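Input: a single structure, listed below in structure tokens.
Nothing in this text is a laboratory measurement; each read-out follows from the coordinates by a stated rule. Treat the numbers as computed from the prediction; the structure is a model and nothing was measured. Here the Cβ is made from the backbone with ideal geometry for all residues, glycine too, and neighbour counts use every protein chain on show.
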Amino acid sequence: MLVVNIEQAGYPGDTAILEDIHFSVKPGELVGLIGPNGAGKSTAVKSILGILNNFKGNVEVSNYSYVPERPIFYERATLWEHIDFLQAILQVHEKEFMKRAEELLEIFQLTDVIHHYPDSFSKGMQQKVMLILAFLRKPDLYIIDEPFMGLDPRATKILLNLLEEEKKNGAGVLMSTHVLDTAEKRCDRFVLLSNGRLIVKGSLSDIQDKSGLSGGTLFDCFDKLMEGES
């Protein structure tokens, strides 16, 4: 699904933000990319997407859907026009695609605004639109950056259930998030970054061993490991 080998990555005029970052996402698993602000999570995601010029390393990535932290839309295009355009690009069976679109619109409670412009929506509604478009692609891999920002509890539960369904169908998920309690319950493995370096990767038990907190929560382990980085 995803194999990431970053030797160095950064931006023009800056020293390398990331160094020696190596991890993978396997079929049917959800990997949480976690770390404090400025840890390099966004740079890691941009490296995976191939949009950094200052990059040294190698990334092997399957067909993917990307949900950015800040939603991006086409100007003067309604929600339904976004969906219709995606169907045309993917060149998939129209009837099945539109049926799935209608199901997702109903699940996320956006049916009444299908002919409205997403740039007029609230942050939570815009996030729902991005999620609908991502799930309509039916990719091998989901790359999701801070998906819970702006979502109400019901929408968060819907998202998590949909991701679980996609995992059961063999899709992999890389999710960058600050919501550690949810990550602990849902992620199969974790990649913890700090100051552009890989601190630890693996299961919760691996992180507990690394932090020296047997049985500790992900939040407590994270806090303990960050003490060593300060």
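What to note about this one:
- The gain in end-to-end length when the E227 to E96 segment is fully stretched comes to 42.1 nm, 0.36 nm per residue minus the alpha carbon separation.
- Rounded to the nearest Hz, the phi-derived 3J(HN,Hα) couplings of the stretch 6-18 under the Karplus curve 6.51 cos²θ - 1.76 cosθ + 1.60 (θ = phi - 60°) are 9, 7, 8, 7, x, 10, x, x, 10, 6, 4, 7, 10, where x marks glycine and proline.
- Between the stretch 84-136 and the stretch 1-73, the Cα center-to-center distance that results, in Å: 26 Å
- Kirkwood radius, the chain, all distinct C-alpha pairs, inverse of mean reciprocal distance: 18.6 Å.
- Rg/Rg_ref, the stretch 71-138, where Rg_ref = 2.2 N^0.38 Å and atoms are Cα: 1.00
- When +1 charges are put on Lys and Arg Cβ atoms and -1 charges on Asp and Glu Cβ atoms, the dipole computed for the chain relative to its Cα centre reaches about 180 debye.
- Amide H contacts of A171: G28, each under 5 Å away and 5 or more positions distant or on a separate chain (H built 1.01 Å from N in the peptide plane; Pro and chain starts excluded).
- Beta bridges from DSSP with both residues in the chain: antiparallel share about 55 percent, rounded to the nearest 5.
- Relative contact order, whole percent, for the chain stands at 29, derived from Cα pairs under 8 Å and 6 or more residues apart.
- Subset of K56/K167; K26/K95; K46/K138; K56/K123; K128/K185 violating a 26 Å alpha-carbon distance limit: K56/K167; K26/K95; K56/K123
- Given charges at beta-carbon only (K, R positive; D, E negative), |dipole| of the stretch 155-212 in Debye: 120 debye
- When the charge dipole of the stretch 103-225 is built from unit charges on Cβ atoms (+1 for Lys and Arg, -1 for Asp and Glu) and taken about the Cα centre, the candidate among C221, A134, V179 whose Cα reaches farthest toward its positive end is C221.
- Packing, as the average of other Cβ atoms within 10 Å across residues, places the peptides 206-214, 133-141, 187-195 in the order 187-195, 133-141, 206-214, highest first.
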